[in-house]
Amino acid sequence: MKILLIQLRRIGDVLMCTPAVRSVKKAYPDAIIHFLTEQPAAQVLQYNPLLDKLIVLNKNMSIYEKIKMILQLRNEKYDMVIDFHSNPTAGWFSFLSGAEKRIGEHHKFRKFFYSETAKLGKYKYAGYAKFSFLEAAGITPDFGKIEFFISEKERVAASNFLSELGVEKNDKLITVSPVSRQPYKVWPLDRFAKVCDYIIDKYKVKILFVYGPGEEHFISDVKSVMHKDTLPIYKPISLLEARAVFERAVMHIGNDNGLMHIAISSGIPTVAVFGKPSAAGWTPPNSSINIGIDHNPGCKKNCTYPECGLECLKSIKTERVIAEIDNIIKGEALL
C-alpha cells in the first residue's frame with residue numbers, strides 16, 4: 001500500500017495534520033506514506049518518523065514544473081490519496097496522481113477530483129477535523145496531540161542561540177509572539193506590552209519574542225511602550241529551531257499563529273488570544289494548560305471583516321489574559 005497525503009500550507013494547518021498522519025500509519029503499519037506540502041510548512045514534517053517521503057512543492061512553479069510534478073506523482077503509483085487541503089491546486093494533483101482511491105472535501109465544484117468525499121464539521125478542533133477524511137477512507141482516528149519532531153541538531157542550535165542572547169542555565173524563559181500577517185488576529189500591541197511588564201515584574205522571568213521574517217516591526221512596537229527590558233531582537237530563526245527553543249521555555253503567550261501551535265506541540269503551557277477564528281477550533285479540547293481566549297460580539301459566524309471594528313479582539317482586556325497566565329503558573333507550579 002502506498003499513500004499520498006496532501007496539505008499544501010500553512011504552518012498551523014500542516015501541524016494539525018499530524019494526528020491524521022499517525023492514524024493512517026496505525027491503520028496501515030506497513031504502508032509507504034508520502035506527504036505533499038510547501039515551504040515553510042514542510043519544516044513541520046521534516047523529521048516525522050511516520051513519513052517515508054516529504055515532497056515539497058514550489059508554490060510559484062511554472063507550467064513545466066507542474067507537469068513534471070504530476071509525472072513524478074504518477075510514477076509513484078499511489079493506491080490512495082487523501083487531500084486534506086482540497087483547494088483547486090491540490091485537487092488537480094489528487095486527480096492526476098493516478099490513484100484509484102482519492103478522498104477530498106465535499107465541494108460541488110471540485111467533487112469530480114475525488115472518488116470519495118468527506119463532509120467536514122463533525123470535529124470542532126482543527127487537529128481532529130482531518131479525521132472526517134480518514135473516516136471517509138475507512139480509517140479509525142487516533143486521537144492525541146499534534147506532533148512536531150526535531151533532531152539534536154536543532155536543540156544544540158537553540159541552546160547556542162539562547163546563550164548568545166544572554167539566557168543563562170537557571171533563567172526562567174517565557175516566549176511571546178504578538179505577530180500575525182492577518183490583522184484580524186493581532187491583539188493590540190500595547191496590551192502585549194502591559195502583559196510582558198506584568199510577568200517580568202511579578203515572576204522575574206526573561207521574555208523572548210518569537211517571530212518570523214518581516215515581523216520584527218511588531219516586536220519593536222511592543223518594546224517601545226514597555227517599561228521593562230526583554231531579550232533583544234534577533235535575526236529570525238527556523239521553525240525547527242523555534243520548536244527547540246520552546247522546549248526551554250516555561251510558557252508561551254501570543255496571538256493565534258503558527259508559532260502558537262508549535263509551542264503546543266512542544267508540550268509547554270500556552271495562552272493565546274483569538275480574533276476572528278474561534279479559540280475552540282484551534283486549541284486542544286479539555287486542556288488545562290493550553291488556553292484560548294476569545295470574545296464573540298455576536299458576529300463571528302457571519303464575520304464582516306474588514307468592515308467591522310475588530311470588536312472580537314479589542315474587547316479582550318489585558319486583565320483577562322493576565323488572569324489566565326496567573327492561573328496556569330499557579331496551577332502548574334511553573335515559577
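Each reported figure results from applying straightforward, stated rules to the coordinates on display, with no laboratory input. Because the structure is a prediction, the values reported are computed rather than measured. Note: ideal-geometry Cβ built from the backbone for every residue, glycine included; neighbour counts use all protein chains shown.
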Quiz item: Under a point-charge model restricted to the Cβ atoms of Lys and Arg (+1) and Asp and Glu (-1), what is the dipole moment magnitude of segment 2-136 relative to its Cα centre, in debye to the nearest 20?
Solution: 280 debye
Quiz item: Looking only at Ile150, Ile264, Ile63, which one moves most when the chain is put into a Gaussian network model with springs between Cα atoms under 10 Å?
Solution: Ile63
Exercise. Arrange Ser220, Ser97 by Cβ neighbour counts within 10 Å, fewest through most, would you?
Key: Ser220, Ser97
Self-check item: Base-10 log of normalised Debye intensity for the chain (one unit scatterer per alpha-carbon) at q = 0.09, 0.14, 0.15 Å⁻¹
Solution: -0.51, -1.14, -1.26
Quiz item: Under the definition of Cα pairs under 8 Å and six or more residues apart, what whole-number percent is the relative contact order of the chain?
Solution: 15 percent
Exercise. In debye, nearest 20, what is the charge dipole magnitude of segment 209-335 about its Cα centre with +1 on Lys and Arg Cβ and -1 on Asp and Glu Cβ, if you could check?
Key: 120 debye
Quiz item: Is the shape of segment 2-136 best called rounded, prolate or oblate, per the rule: a/c under 1.5 gives rounded, else a/b larger than b/c gives prolate, else oblate, with a ≥ b ≥ c the square roots of the Cα gyration tensor eigenvalues?
Solution: rounded
Quiz item: Counting only complete DSSP H runs, which helices of the chain cover 15 Å or more along their long axis at the Cα atoms and score a mean Kyte-Doolittle of 0.0 or above?
Solution: 318-331
Practice problem: Tabulate in residue order the Karplus-calculated ³J(HN,Hα) for segment 284-290, using 6.51 cos²θ - 1.76 cosθ + 1.60 with θ = phi - 60°, rounded to whole Hz; enter x for Gly and Pro. | Solution: x, x, 6, 8, 8, 10, 10
Quiz prompt | Relative packing of 65-74, 316-325, 267-276, which averages over residues the other C-beta atoms within 10 Å, highest first | solution = 267-276, 316-325, 65-74
Practice problem: Could you tell me what % of all Cα pairs in segment 30-109 have separations over 22 Å? | Solution: 23 percent
Practice problem: Kindly state, to the nearest 0.05, the FRET efficiency for Ile32 paired with Asn302, given R0 = 51 Å and r defined as their beta-carbon distance. | Solution: 0.70
Practice problem: Using a Gaussian network model of the chain whose springs link C-alpha atoms within less than 10 Å, name the residue from Arg248, Arg191, Arg110 with the highest mean-square fluctuation. | Solution: Arg110
Quiz prompt | MRE, 222 nm, helices only [DSSP H, n ≥ 4, -39500 (n - 2.57), over the chain, to nearest 500] | solution = -10500 deg cm²/dmol
Quiz item: Using the count of nearby Cβ atoms within 10 Å as a rough guide to exposure, how do Ser151, Ser266 rank from fewest to most?
Solution: Ser151, Ser266
Quiz prompt | For the chain, with +1 on Lys and Arg beta carbons and -1 on Asp and Glu, the positive-most of Leu73, Tyr198, His34 along the dipole | solution = Leu73
Quiz item: Hey, if you drop one equal point scatterer on each alpha-carbon of segment 294-335 and run the Debye formula without solvent, what base-10 log of I(q)/I(0) do you get at q = 0.13, 0.31, 0.35 Å⁻¹?
Solution: -0.42, -1.01, -1.14
Quiz item: So what is the relative contact order of segment 153-331, in percent, for Cα pairs below 8 Å that sit 6 or more residues apart?
Solution: 24 percent
Self-check item: Two-site FRET efficiency, Arg181 against Ser220, from Cβ-Cβ distance with R₀ of 22 Å, rounded to 0.05
Solution: 0.85
Self-check item: Over 18 Å (Cα to Cα) - which of Lys66/Lys108; Lys26/Lys130; Lys53/Lys77; Lys2/Lys124 fall in this group
Solution: Lys66/Lys108; Lys2/Lys124
Quiz item: Residue by residue, what Karplus-based ³J(HN,Hα) values in Hz, rounded to whole numbers, does segment 207-212 have, using 6.51, -1.76 and 1.60 with θ = phi - 60° and x for Gly and Pro?
Solution: 9, 10, 6, 10, 6, x
Quiz item: Which whole-number percent gives the relative contact order of segment 2-136, counting Cα pairs below 8 Å spaced six or more residues apart?
Solution: 25 percent
Quiz prompt | Dipole magnitude of segment 160-284 about its Cα centre (Cβ charges: Lys, Arg +1; Asp, Glu -1), debye to nearest 20 | solution = 220 debye
Practice problem: Once you've got the GNM for the chain with C-alpha springs shorter than 10 Å, pick whichever of Tyr234, Tyr123, Tyr64 has the biggest mean-square fluctuation. | Solution: Tyr64
Practice problem: Considering the options Phe246, Ala323, His217, tell which one lies farthest towards the positive end of the dipole of segment 214-335, charges being +1 on Lys and Arg and -1 on Asp and Glu at the Cβ, about the Cα centre. | Solution: Ala323
Quiz item: Can you list the residues, at least 5 places off or on another chain, whose amide H is less than 5 Å from the amide H of Thr270, using H built in the peptide plane?
Solution: His252, Asn290, Ile291
Quiz item: If the cut-off is a Cα-Cα distance under 23 Å, which lysines reach Lys314, setting aside same-chain residues fewer than 8 apart in sequence?
Solution: Lys185, Lys194, Lys223, Lys276, Lys300, Lys301
Self-check item: Sorted largest first, extent of segment 153-331 alpha carbons per principal axis (Å)
Solution: 47, 34, 32
